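Written out below as structure tokens is the structure these notes cover.
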Amino acid sequence: MRALVIDDSRAMRRIVTGILTGFGYEVRDAEHGRAALDVLDEGWLPDLATIDWNMPVMDGLQFVSVVRANPAWRAMTMMMVTSESEHTQIVRALAAGAHEYVIKPFTADAIRDKLALLGLLPQEVAL
Amino acid sequence: MTTTDTGERRRASDTRPVITDLIDEATVESIAAEAWVALVGEDEVLVPLPGDLPADILSSWVDVVGPWTGSVVLTTGRATAEELSRALLREHAPEVLDDEDVADAFGEIANVVGGNVKAALPGPSALSLPQVGNAPLVRNQADVCRLDVLWRGEPVAISVQGALPPLPGSTPTRKNEVS
Amino acid sequence: MSLTATSFDWVRDLVRKESAIVLQPGKEYLVEARLLPIARQMGLTDVTKFVESVRVRPDADSTRKIVEALTTNETSWFRDGDPFTALTSTVLPSLLAARGANERLQIWSAASSSGQEPYTIAMLLDDALPNAASRVSITATDLSREMVQRTRAGRFSQLEVNRGLPAPMLVRHFTRAGNEWEVSANLRRMVNASECNLSAPLPRMGPFDVVYLRNVLIYFDLPTKQSILRRVRDLMRPDGWLFLGAAETTLGVDDSWERVVIGRSSAYRPLKGA
């Protein structure tokens with residue numbers, strides 16, 4: 001399975017990439033929404049995108065809206081991973097088309113649980 | 001057209017909130033504790049004790065703009081910021097951490113703490129991207145909620161501080177009076 | 001003193017057997033960090049002393065604490081989702097057909113920990129039934145007073161709501177309260193929490209239409225398992241449904257149950273005349 005990790009913090013990209021690689025994902029990353037769209041435009045379509053909210057150039061919410069407007073990208077599951085954590089912000093992201101929402105700070109277990117809910121987790125996972 | 005100044009309008013604008021009316025140290029402490037346990041490591045505790053910051057310090061912060069406007073600032077020794085960045089990255093850390101790696105990781109911790117502080121405040125508010133360097137000045141001593149902790153024995157200060165100077169006529173020593 | 005290899009291997013075997021989770025070599029520090037608070041509660045200063053005392057003389061309470069400390073930071077919502085899918089797909093329609101419109105359904109979450117399981121059930125029923133609060137009553141019990149109080153409060157940390165709670169359900173049923181999330185008053189009214197020790201005679205409760213008794217039996221020896229199942233059965237309606245943990249079964253323990261496969265999970269129902 002493939003995942004696209006979108007976050008302007010390279011530390012966060014390394015951490016999320018490390019977690020997903022541990023679950024058997026092939027991972028690419030992007031430092032903002034625009035760079036992520038470039039990856040999709042290349043034809044590299046992931047099963048999962050993890051998306052930060054506050055980023056330069058194009059933020060996560062704009063990215064979600066653009067992806068939602070393109071039927072060719074409908075199969076991609078979009079999971080926000082962000083420190084934006086108000087009730088209203090989560091509602092906005094879901095309304096824009098995000099499927100799931102992980103609040104920073106998170107643990108690897110939290111990512112695993114969400115992937116299990118989404119049916120995007122391989123069976124055997126070591127602690 | 002004339003209006004009669006009953007004083008209500010002025011009183012309404014005088015009620016601009018200061019941070020201590022909106023959040024307490026215990027909430028900031030629980031936000032920071034969760035961030036440390038989840039991001040830095042599951043046995044990383046913050047001990048709520050003050051310590052002397054070294055001469056060479058680094059701050060990272062995010063700005064919150066909304067009904068309350070200000071910054072959420074982390075300040076610690078440069079060496080501690082580096083250690084914190086390494087702990088955050090764990091096995092994903094490169095051999096050598098350059099300044100940009102430290103700025104990025106330390107900034108991300110401010111983003112996580114700041115985002116959760118913002119969510120505990122009345123909204124709607126916007127969050128800036130993290131910045132790293134010399135902390136913004138404290139403009140109003142009464143509009144600060146500061147938490148001093150030790151992490152691995154090293155002092156870390158977490159300050160939620162307003163961006164606006166005190167209102168004319170407000171008592172600047174308000175905080176000292178209660179303590 | 002740091003953890004000895006013997007102690008680590010014993011903990012590793014225990015956790016693998018009870019949870020199917022494998023602790024990789026090099027995770028000694030994790031075992032120490034997670035078990036130290038439990039060792040201290042028992043008045044011991046180091047983890048090896050604690051592990052050795054349990055290894056020499058195992059007891060259900062300590063082994064359960066060890067496994068829980070190492071397998072979860074926080075209890076997950078929808079933990080092993082299948083028994084919850086079964087509730088809405090099969091169990092609820094069957095009960096609604098069998099009961100009168102004014103009969104209240106009674107559900108028991110028998111090891112409810114900090115409340116994730118009873119509130120997961122409450123959310124599902126609230127989404128499935130137009131008047132859930134008046135149709136359903138959920139009894140949540142746990143051995144620990146602290147856990148019962150936490151369930152009553154219905155407040156969860158940011159890290160806890162991150163654990164397997166679908167975001168649409170979070171926004172539908174929770175509000176933010178400071179740095180925590182609080183479950184809606186409507187759901188809190190559906191859940192009654194109290195202390196209860198499953199290995200002792202049970203208080204008068206029920207009769208229950210559905211019982212969730214998950215990841216409890218694994219910690220007890222065979223005679224205790226049998227007496228717990230017997231006591232639970234006495235509090236159930238004859239056409240009730242029992243859900244056990246994924247690694248648990250009544251087979252070979254108590255033959256007065258019928259196993260029913262629902263999708264990817266199993267439920268157990270009292271055998272008539274048994």
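The values are calculated or read from the model by the stated rules, or taken from the named source; none is laboratory data. What you are looking at is a predicted structure, and each value in this text was computed from that prediction instead of being measured. Methodologically, a virtual Cβ is constructed for each residue, glycine included, from the backbone with ideal geometry; neighbour enumeration extends over all protein chains shown.
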Response to the item:
Of those in the stretch A:82-115 that are hydrophobic (A, V, I, L, M, F, W, C) and at the interface with another protein chain (Cβ under 7 Å from one of its Cβ atoms), the residue surrounded by the fewest Cβ atoms within 10 Å (Cβ to Cβ) is A:VAL91
Item to complete: Return yes or no: is C:LEU124 modelled with pLDDT of 95 or more, assigned to a helix (DSSP H, G or I) and within 14 Å of chain A (Cβ to nearest Cβ)?
Response: yes
Worksheet item: Taking interchain pairs and intrachain pairs at least six residues apart, which have beta carbon atoms under 6 angstrom, with the first residue in the stretch A:35-54 and within 17 Å of A:ARG13 (Cβ to Cβ) and the second assigned to a helix (DSSP H, G or I) and small (Gly, Ala, Ser)?
Response: A:ILE51/A:GLY60; A:ASP52/A:GLY60; A:TRP53/A:GLY60
Worksheet, complete the sentence: Scanning the stretch B:76-128 for residues that are acidic (Asp, Glu) and more than 10 Å from chain A (Cβ to nearest Cβ) gives B:GLU82, B:GLU83, B:GLU95, B:ASP98, B:ASP99
Fill in: Residue count, the stretch C:181-203 (criterion: at pLDDT 95 or above and surrounded by 15 or more Cβ atoms within 10 Å (Cβ to Cβ))
11
Worksheet item: Only one of these conditions is not met by B:VAL64: (1) closer than 20 Å to B:LEU88 by Cα; (2) crowded, with 23+ Cβ neighbours inside 10 Å. Which number is it?
Response: (1)
Worksheet item: Would it be correct to say that C:VAL183 is without any contact (Cβ under 8 Å) to a residue 40 or more places away in the chain, within 14 Å of chain A (Cβ to nearest Cβ), out of contact with any Ser or Thr (no Cβ under 7 Å at 6 or more places or on another chain) and among the β-branched types (Val, Ile, Thr)?
Response: no
Item to complete: Considering each residue of the stretch A:88-125, count those that are among the aliphatic types (A, V, I, L, M), outside any helix (DSSP H, G or I) and within 15 Å of the chain's Cα centre (by Cα), and give that number.
Response: 6
Worksheet item: Identify, please: which residue in the stretch C:163-180 is free of Cβ contacts under 8 Å to residues at least 40 places away in the same chain and not hydrophobic (A, V, I, L, M, F, W, C) and is, among those, surrounded by the fewest Cβ atoms within 10 Å (Cβ to Cβ)?
Response: C:THR175
Worksheet, complete the sentence: By residue number, the members of the stretch C:64-91 that are more than 14 Å from chain A (Cβ to nearest Cβ), surrounded by fewer than 20 Cβ atoms within 10 Å (Cβ to Cβ) and under 18 Å from C:VAL260 (Cα atoms) are C:THR88, C:SER89, C:THR90
Worksheet item: For the stretch A:20-42, what are the residues that are of a type in the set (Gly, Ala, Ser) and either over 23 Å from A:LEU120 (Cα atoms) or at pLDDT 95 or above (or both)?
Response: A:ALA30, A:GLY33, A:ALA35, A:ALA36
Discussion item. If a residue counts only when it is charged (D, E, K, R), which helices (runs of 4 or more DSSP H) contained entirely in the stretch C:6-91 have at least 3 such residues?
Written reply: C:28-41, C:47-56, C:60-71
